[in-house]
1. Going through the range 2-45, which trypsin sites (Lys or Arg not before Pro) have at most 16 other Cβ atoms within 10 Å and a DSSP loop state?
2. By its C-alpha gyration tensor, with a ≥ b ≥ c as the square roots of the eigenvalues, how is the range 26-65 shaped: rounded for a/c under 1.5, else prolate for a/b larger than b/c, else oblate?
3. Could you rank MET82, MET27 by how accessible they are, 1.4 Å probe, largest area first?
4. Using all Cα-Cα distances in the range 4-53, what percent lands in each 5 angstrom bin from 0 up to the longest?
5. What trypsin sites (Lys or Arg not before Pro) does the range 62-100 have in DSSP loop regions with at most 15 other beta carbons within 10 Å?
6. So, with +1 on the Cβ of K and R and -1 on the Cβ of D and E, and no other charges, what is the size of the charge dipole of the range 5-105 about its Cα centre, to the nearest 20 debye?
7. Taking a ≥ b ≥ c as the square roots of the Cα gyration tensor eigenvalues, with a/c under 1.5 meaning rounded and otherwise prolate when a/b beats b/c, else oblate, which class fits the range 56-113?
8. If the viscosity is 0.692 mPa s and the temperature 37 °C, what Stokes-Einstein diffusion coefficient in µm²/s follows for the range 5-115 when Rh is the Kirkwood radius over Cα pairs?
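The values are calculated or read from the model by the stated rules, or taken from the named source; none is laboratory data. Just so you know, these numbers come straight off a predicted model, no measurement behind them. FYI the Cβ positions are ideal-geometry reconstructions off the backbone, even for glycines, and counts take in every protein chain you see. Remember, those area values only see protein heavy atoms, side chains included, never the ligands or the DNA or RNA. Shrake-Rupley method; radii C 1.70, N 1.55, O 1.52, S 1.80 Å.
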Amino acid sequence: QVQLVESGGGLVQPGGSLRLSCATSGMIFSIYTMGWYRQAPGKQRELVAFITGGGGTNYADSVKGRFTISRDNAKNTVYLQMNSLNSEDTAVYYCKAKHRAYDYWGQGTQVTVSS
């Protein structure tokens, strides 16, 4: 079955960096558009960034210039490099895979930005 497993979350100080990873299995990774979403307490889940199978990317305005999404099709893994983190980036970050009518979610990884 399809599995998406996020890792790399944690506690970081404002201005710091983290790199999230989402390792996938059970799917033809290269054909899926991969996305990172986040959900802060009391807020709706929102799209952070996505990357298509062809490598095209898109970012939420709030993270442009600070976050970079990338993928390694050989490793079936998508990454989210997060720089210049601030308290508003605190959330549970989820990985999503989408292709046509199929979409799958990971279990999420907590990112907390605090001094």
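1. Sites meeting the loop and neighbour criteria: LYS43, ARG45.
2. Note, shape of the range 26-65 comes out oblate.
3. On the way: MET82 0, MET27 30 Å².
Greatest to least solvent exposure: MET27, MET82.
4. Percent of Cα pairs in each bin: 5, 15, 20, 26, 20, 9, 5, 1.
5. LYS64, ARG66, LYS75, ARG100
6. Approximately 160 debye in magnitude.
7. Working: a/c = 1.84, a/b = 1.50, b/c = 1.22.
Because a/c hits 1.5 or more and a/b exceeds b/c, the range 56-113 counts as prolate.
8. The estimated diffusion coefficient comes to 237 µm²/s.
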